[in-house]
Amino acid sequence: MPVPFNLADALDSALQSAAVQAGLEAAAFVPDVRTADPRHGDYQANGVLAYAKAHKQNPRAVAEKLVAALPAGVTEGYVITVAGPGFINFTLQPATLLAWLRMHDSKDHLRSNAASARHGQTWVVDYSAPNTAKQMHVGHLRSAVIGEAISRILEFSGAKVIRDNHIGDWGTQFGKLIWAYKHHRDEQALASDPIEEFERLYQMGNAAADANPAVLEQARQELVRLQSGDATNLAIWRQINEASLQAFQGIYDLLGIRFDVTLGESFYNDKVDRVYRELSDARLAEESQGALVVFHPEHPRFKTQPFIMRKADGASNYASTDLATALYRALHFHADGIVIVTDFRQADHFEQLFLTVRKWFAAKSYRLPALHHVTFGAVTGEDGKALRTRDGGTIKLKELLAEAEARAYALVSERSADLTEEERRKIAAVVGVASVQYADLSQNRSSDYVFAWDKMISLEGNTAAYLLYAVARIHSIFRKLGLAAGDLAGEAAGTPPETPAEQALARKLVKFADAIRLVNDTLRPHFLCLYLYELAGEFSGFYAADKVAVDDPAVRARRLLLCARTLLVMETGLGLLGLRTLTRM
RNA sequence: GCGGCCAUAGCUCAACUGGAUAGAGCGCCAGACUACGAAUCUGGAGGUUUGGGGUUCGACUCCCUAUGGCCGCGCCA
């Protein structure tokens, strides 16, 4: 029995054609198929209610007609009932569950089936984007972790993804930094930990310029020299960038991030004139108080709140470079979609940017990509205020990840004292980072994120440790039985799931497709986290209820198949979130 | 002042973007290791979804309003 990867999709189109068969006004009928509460079934179609309402018909009668018109290929695979005011419920038959599990037996099969969703599309994902000359701190975590997960899921869904690190490597701060570099640098510190020293110099330059107008003027001169191509200052600037990128990569390595391109603000320096020209020619931009700005008369706020794209002193700012960036991504990368991952405070900026881009591209007949500003809330301490260390400084990302690993190590040593020191170190490295990533990803990104160590490294509940533990237990079963986890031999003997726990687990497994779809549609990775958590929960229930390593070969084969698929889906899903997994912990 | 986001169990969060009896974890109570890893599982208690109106077959979700919190708003990004 061939079954599709995404069963909800298949039901949707089956209901569409049934609507034609049954004589409904098919164009006005949207099946609205979604996953259901298990009490009601696996999928439910809710579209009948809206249709019947609009057409003044009895919803139950319409539902009955639709069900009667479904092809045999569909009706054989499910138990179908009409319930309540006109819901159509579909419960998968055990044989259908088995067929799905058999067909999706490897990561490659999952991927190739999922890839139809965005086949042929190109997406640019813009995330992380720290400023050079500063260390990454806790505030940089969410963009990096969320952006990477979105990139992986878009890729899994068939898109060509270009990961772009739009670093802040240009701007007025470099005048002060170069001034401090020339007057106060510590060569020894520069050699041993350059990023730390640059950060110190930046703060020093900032403070000195604030305190002394003469310094401020000298810093301005340094900036002018840099911008006019002065060799010395350019060399310092390059040194700063190089050291910064190296430090960033240290963090990215821990988080499993590798960018395809790093096109920072400086890259767009020579591309902003075209932006000024084209927006002015299109009469979208106007002079206001000496600056070149864009107003949006149709917008309640942006009709008076300007989008400043060239400052009165003639310099560019991030509006101009972001406009140039949008054009570059559309023309050079042929992007079908652009995702920009930043915190919610920049919502106004990107709303103005997107409004401007839409009008500009329309005026020039440039192909417009889908534009998504993926926002997330602030990271706060447990008091609800911005997260700070005890002495009031920001928490460095490097230190945060080290702390997570140390806490994980203490836990592993406590729980698995029998493992060697080396093994415990390795496990702690994975669990520590995964806990940080997962704590961030598992929450709806739009709310503020309350940072709490105990919750993050916790072993219980919706945490990385819980998911990794489920994976480790499955590996353990295969190890005990002397089987390879990916070994497909013996699966042919697997029969349809029978016990309640087996069925619940199998029914959750096929919903993987729906979770992927949901994240694709919403760009919210927490839906995949929630799915994996629920899957791990179903597995744990199954594990407690039904022993796998039993003597009866038929029962054992049936349950081993479920274990193999749970492992496959868990490892695939965790991989899409950017987490590494373990075989023991 | 104008605008945006948010408010769900004691705490931290979900609720598939308008669907069926609002779900988890922590904490609390009561159980389950002579069974593949108890970092687990099974039950129980706990709710006027901030207050008040409205829209409709149906509202945590949409609209209005009040209160409280976070944030943005002319040359930082």
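Odds and ends about this structure:
Yes or no, residue by residue, for (1) at pLDDT below 95; (2) out of contact with any Gly (no Cβ under 9 Å at 6 or more places or on another chain); (3) surrounded by 15 or more Cβ atoms within 10 Å (Cβ to Cβ):
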{"position": "A:63", "(1), (2), (3)": "no, no, yes"}
{"position": "A:83", "(1), (2), (3)": "yes, no, no"}
{"position": "A:86", "(1), (2), (3)": "yes, yes, yes"}
{"position": "A:94", "(1), (2), (3)": "no, yes, yes"}
{"position": "A:98", "(1), (2), (3)": "no, no, yes"}
{"position": "A:101", "(1), (2), (3)": "no, no, yes"}
{"position": "A:120", "(1), (2), (3)": "no, no, no"}
{"position": "A:126", "(1), (2), (3)": "no, no, yes"}
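- If you go through the range A:407-430 and keep only what is aliphatic (A, V, I, L, M) and assigned to a helix (DSSP H, G or I), you end up with A:408, A:410, A:411, A:412, A:427, A:428, A:429, A:430.
- So residue A:76, is it farther than 22 Å from residue A:27 by Cα and surrounded by fewer than 20 Cβ atoms within 10 Å (Cβ to Cβ): yes
- Hey, residue A:140 of a type outside the set (S, T, N, Q) and modelled with pLDDT of 95 or more or not: no
- Restricted to the range A:431-547, the set of helices (runs of 4 or more DSSP H) holding at least 1 residues that are under 28 Å from residue A:404 (Cβ atoms) and away from RNA strand B (no atom under 11 Å from the Cβ) comprises A:453-456, A:512-522, A:526-545.
- Checked against (1) in contact with a Phe, Trp or Tyr (Cβ under 6 Å, 6 or more places away or on another chain); (2) outside the structural domain of residue A:34 (by TED's automatic domain parsing), residue A:136 passes all but condition (1).
- Some residue of the range A:19-41 being basic (Lys, Arg) and over 29 Å from the mean Cα position of the chain (by Cα): yes
- The set of residues in the range A:530-561 being more than 25 Å from residue A:154 (Cβ to Cβ) and either among the basic types (Lys, Arg) or touching a Gly at 6+ places or on another chain (Cβ under 8 Å) (or both) consists of A:547, A:556, A:557, A:558, A:559, A:560, A:561.
- Note on the range A:245-274: residues that are part of a loop (DSSP other than H, G, I, E, B) and small (Gly, Ala, Ser) total 2.
- Single match in A:145, A:215, A:125, A:138 (criterion: of a type in the set (Val, Ile, Thr) and free of Cβ contacts under 8 Å to residues at least 40 places away in the same chain): A:215
- Boolean, residue A:557 is modelled with pLDDT under 95, hydrophobic (A, V, I, L, M, F, W, C) and more than 11 Å from RNA strand B (Cβ to nearest atom): yes
One line per residue, one yes/no per condition, for (1) within 14 Å of RNA strand B (Cβ to nearest atom); (2) loosely packed, with under 13 Cβ neighbours inside 10 Å; (3) closer than 25 Å to residue A:396 by Cβ:
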site	(1), (2), (3)
A:247	no, no, yes
A:254	no, no, yes
A:285	yes, no, no
A:305	yes, no, no
A:321	yes, no, no
A:336	no, no, no
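The values are calculated or read from the model by the stated rules, or taken from the named source; none is laboratory data. Keep in mind the model is a prediction, meaning the values are calculated, not measured. We place every Cβ from the backbone using ideal geometry, glycine too, and count neighbours over all the protein chains shown.
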